[in-house]
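Notes for the one structure printed next.
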Amino acid sequence: MSMNNFELYKVFYWAAKTGSLTQAAKSLYITQPSVSHAIKQLEDSFGLTLFTRNSKGVMLTPEGATLYSYIEQSHILITQAEKKMAELKNLDNGELRIGGSDSLFKHYLLPFIEIFHQRYPGIRLHLIHGTTPEVISYLKEGLVDLGVVRMPITDPQLEVRQGLQLQDCFIAGSHYAELNQKVLSIEELLQYPIILFSRSSRARMAITDLFQGYGYELKPEFEVGSVGLLIEFARKGLGISFVTREFVSKELEEGSLFEIQLDVQLPPARVGMMTMRNMPLTTAASKFIEITKGD
């Protein structure tokens, strides 16, 4: 029977630990002659005697004791590694890092995060905020396991699973009550102050392109850094905000904001769950994706 070095060290470890070739053979489920042969192979490769035989079994020589001090540490590390792998498989501990925008975390991911946390309380969750281009970079640098972004994403390195459909719209507060139920053209809309998200978000690029296609330039009166501020500015009557309808459903329902009707159709968008195409998913990431699919 030929063994690789790792297996030889395993035999050596058990023989040294138990002081008995018979016990070592039992622990490893191999025959005693195999144990003797393995030890002889090791001794020949080092050109040193590792054990002396006595009436009770075997005893380490000083050289053997030196080798054992190293092999024992390796054995401890390997045992810890196996234990860690079992924990990760069973999701007893570990972490899940998700990249995305504040608004997608709040309005799309929150219910899934709650379910995940209830099922796997041992897993630490890290939510890492960023724009779509930032989240793509985080994913490629290995800083996050999953990214939650607006579609479309066309990048051969990424795999994107389709999620919820979103609809962008223009909203206003009571200051512009006369526009409620009216249908406006783009030209009419642009006579009012427009409030947009400041960073180069997918939503902003899409609406700028759409208006450009109709021959209009979309110049905001205000640019703000969060969806919360888009809502607040519209509510205060500072202008008409461009937001994702799903993110203002509460305000639209309670009537503190209303949706501006346009005579052109704004294209819908989708949320995608993004991962690296050729990288294996962690167990935690796989389980999270299953939850978002309703499994």
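Computed values, structure above
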item: Degrees, to the nearest 10: 32-46 long Cα axis against longest axis of the chain; result: 80
item: Order of exposure, largest accessible area first, which applies to Arg270, Arg150, Arg124 with probe 1.4 Å; result: Arg124, Arg270, Arg150
item: Rounded, prolate or oblate (a/c below 1.5 giving rounded, otherwise prolate when a/b exceeds b/c) for the range 240-295 by Cα gyration tensor; result: prolate
item: His117 - accessible surface, heavy atoms, 1.4 Å probe, Å² rounded to 10; result: 100
item: Descending Cα extents along the principal axes, the chain, whole Å; result: 103, 35, 29
item: Solvent-accessible heavy-atom area per residue, rounded to whole Å², over the chain at 1.4 Å; result: 56
item: Expected-Rg normalisation [2.2 N^0.38 Å, Cα atoms] applied to the range 114-229; result: 1.38
item: Separation between Cα centres of the range 46-118 and the range 139-215, rounded to whole Å; result: 46
item: Per principal axis, descending, Cα span of the range 1-53 in whole Å; result: 27, 23, 16
item: Percent carbon-and-sulfur accessible area, the range 136-295, ignoring ligands, DNA and RNA, probe 1.4 Å; result: 49
item: Rh by Kirkwood over Cα pairs, then Stokes-Einstein D for the range 30-70 at 0.890 mPa s and 25 °C, µm²/s; result: 228
item: Extension gain, Gln261 back to Thr31 (0.36 nm per residue minus Cα-Cα distance, nm); result: 74.5 nm
item: For the range 77-135, diffusion coefficient by Stokes-Einstein and Kirkwood Rh (Cα), 20 °C, 1.002 mPa s, µm²/s; result: 165
item: Sites Gln23 and Leu88, calculated FRET efficiency, Cβ-Cβ separation with R0 45 Å, nearest 0.05; result: 0.90
item: Computed [θ] at 222 nm, helices only, for the chain once each DSSP H run of length n ≥ 4 contributes -39500 (n - 2.57); result: -13000 deg cm²/dmol
item: Gain in span if fully extended, Lys56 to Glu254, counting 0.36 nm per residue against the direct Cα distance; result: 62.8 nm
item: Peptides 239-246, 281-288, 53-60 ordered by average Cβ neighbours within 10 Å, highest first; result: 239-246, 281-288, 53-60
item: Degrees between helix 62-90 axis and first principal axis of the chain (Cα, 0 to 90, nearest 10); result: 30
item: Cα gyration tensor, the range 186-229 - rounded (a/c under 1.5), prolate or oblate; result: oblate
item: Residue among Leu91, Leu230, Leu67 with the largest mean-square fluctuation in a Gaussian network model of the chain, springs linking Cα atoms under 10 Å; result: Leu67
item: Of Lys84/Lys293; Lys10/Lys40; Lys26/Lys56; Lys10/Lys84, those spanning more than 18 Å from alpha-carbon to alpha-carbon; result: Lys84/Lys293; Lys10/Lys84
item: Sequence ranges 10-21, 158-169, ranked by mean other-Cβ count within 10 angstrom, highest first; result: 10-21, 158-169
item: Rh by Kirkwood over Cα pairs, then Stokes-Einstein D for the range 174-278 at 0.890 mPa s and 25 °C, µm²/s; result: 166
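The values are calculated or read from the model by the stated rules, or taken from the named source; none is laboratory data. Everything quoted here is computed from the prediction, not taken from an experiment. For neighbour counting, all protein chains shown are included, and Cβ atoms are generated from backbone atoms with ideal geometry for every residue, glycine included. SASA here: full protein model, heavy atoms, side chains in, ligands and nucleic acids out. Shrake-Rupley method; radii C 1.70, N 1.55, O 1.52, S 1.80 Å.
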